[in-house]
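This report refers to the structure that appears directly beneath it.
The values are calculated or read from the model by the stated rules, or taken from the named source; none is laboratory data. Everything numeric in this text was worked out from a predicted model, so none of it was measured. Don't worry about glycine lacking a Cβ; one is built from the backbone with ideal geometry, like all the others, and counts go over all protein chains shown.
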Amino acid sequence: MKKPPPLTNRYLLLIEDIFFSKFQAGLTDLAFERADLEASARKLGIALPKNLGDVIYAIRYRLALPESIIRTQPPGQEWIIAGTGRSRYAFRLVIVNRIIPNPNLIAIKIPDATPEIVSAYALSDEQALLAKIRCNRILDIFLGMATYSLQNHHRTSVKDIGQVEIDEIYVGVDRNGCQYVIPVQAKGGRDQLSIVQTQQDHPLLPREIGILNLPECLDSVHGR
């Protein structure tokens, strides 16, 4: 009996099949739905994971797109998978996909003030990273304002995007008394930050201002 390909390879096969079932030269937005994953799985004889969302998550933040899809990218543009509603997505051409450190910038060294007991009991790479940000006042230093952690893993749904989760929400105040809400996204292990999260946070935060119940001068660092 033929052994099925590894799970991540199955993800790539599914995404490749869906992409080319929608692709036409010149298009910059290819809509598809979660049900297309099931249809492609039946077509290719692939066993789907119980969590269908993991297929999309892996391609967004962990795996590179199949080479056949990358070859269709125009110069200076990359395909991402954007949310367009509940269980709805789109392959979309953007200028930047992965958010990576700029090697041309000089690193600013900050002494690690994370308590040893916090490092010892951090439950995951992502949680450890968020803890280090809090303990070392990273946002205060780089944004030049006083910031405070308000809520972890804020999950909600946004019209025309679908489910969105912000790893941590901070609120801050600058020297002029203007208040800000600051979304923080973290990735640990093999996961990478993607422009998808920034694009989701931007329309989410203004709507969430009413929930946070902050004054009218509240702003987002996106517009700063």
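So E33 passes all but one of these: (1) in contact (Cβ under 8 Å) with a residue 40 or more places away in the chain; (2) surrounded by 14 or more Cβ atoms within 10 Å (Cβ to Cβ); (3) touching a helix residue (DSSP H, G or I) at 6+ places or on another chain (Cβ under 8 Å). Which condition number does it fail?
Every condition holds for E33 apart from (3).
I'm told Q163 meets every condition in (1) in a strand (DSSP E or B); (2) surrounded by fewer than 17 Cβ atoms within 10 Å (Cβ to Cβ); (3) without any contact (Cβ under 8 Å) to a residue 60 or more places away in the chain except one. Can you identify the failing condition by its number?
(3)
Considering only region 42-65, I want to know if a residue exists there that is in a helix (DSSP H, G or I) and touching a Lys or Arg at 6+ places or on another chain (Cβ under 7 Å). Walk me through how you get there before you give the answer.
Step one: of region 42-65, the residues in a helix (DSSP H, G or I) are 42-44, 53-61.
When the remaining residues are screened for being touching a Lys or Arg at 6+ places or on another chain (Cβ under 7 Å), the result is 61.
Scanning region 42-65, I find at least one residue that is in a helix (DSSP H, G or I) and touching a Lys or Arg at 6+ places or on another chain (Cβ under 7 Å), so the answer is yes.
Inspect region 120-130 for any residue being at pLDDT below 90 and among the charged types (D, E, K, R) and give the result as yes or no.
Yes - at least one qualifying residue is present in region 120-130.
With respect to V173, is the statement that it is under 14 Å from the mean Cα position of the chain (by Cα) and among the β-branched types (V, I, T) true?
No, not satisfied.
Return a yes/no flag: does region 139-158 have any residue that is assigned to a loop (DSSP other than H, G, I, E, B) and at pLDDT 80 or above.
yes
For region 84-111, how many residues meet the condition of being assigned to a loop (DSSP other than H, G, I, E, B) and either surrounded by 10 or more Cβ atoms within 10 Å (Cβ to Cβ) or touching a Gly at 6+ places or on another chain (Cβ under 6 Å) (or both)?
6
Hey, can you tell me all the residues within region 25-38 that are farther than 16 Å from Q77 by Cα and not basic (K, R)?
Scanning region 25-38 gives A31, F32, E33, A35, D36, L37, E38.
Of the numbered conditions (1) in the same structural domain as R190 (by TED's automatic domain parsing); (2) touching a helix residue (DSSP H, G or I) at 6+ places or on another chain (Cβ under 7 Å); (3) of a type in the set (A, V, I, L, M); (4) without any contact (Cβ under 8 Å) to a residue 24 or more places away in the chain, L123 fails exactly one; give the number of that condition.
(2)
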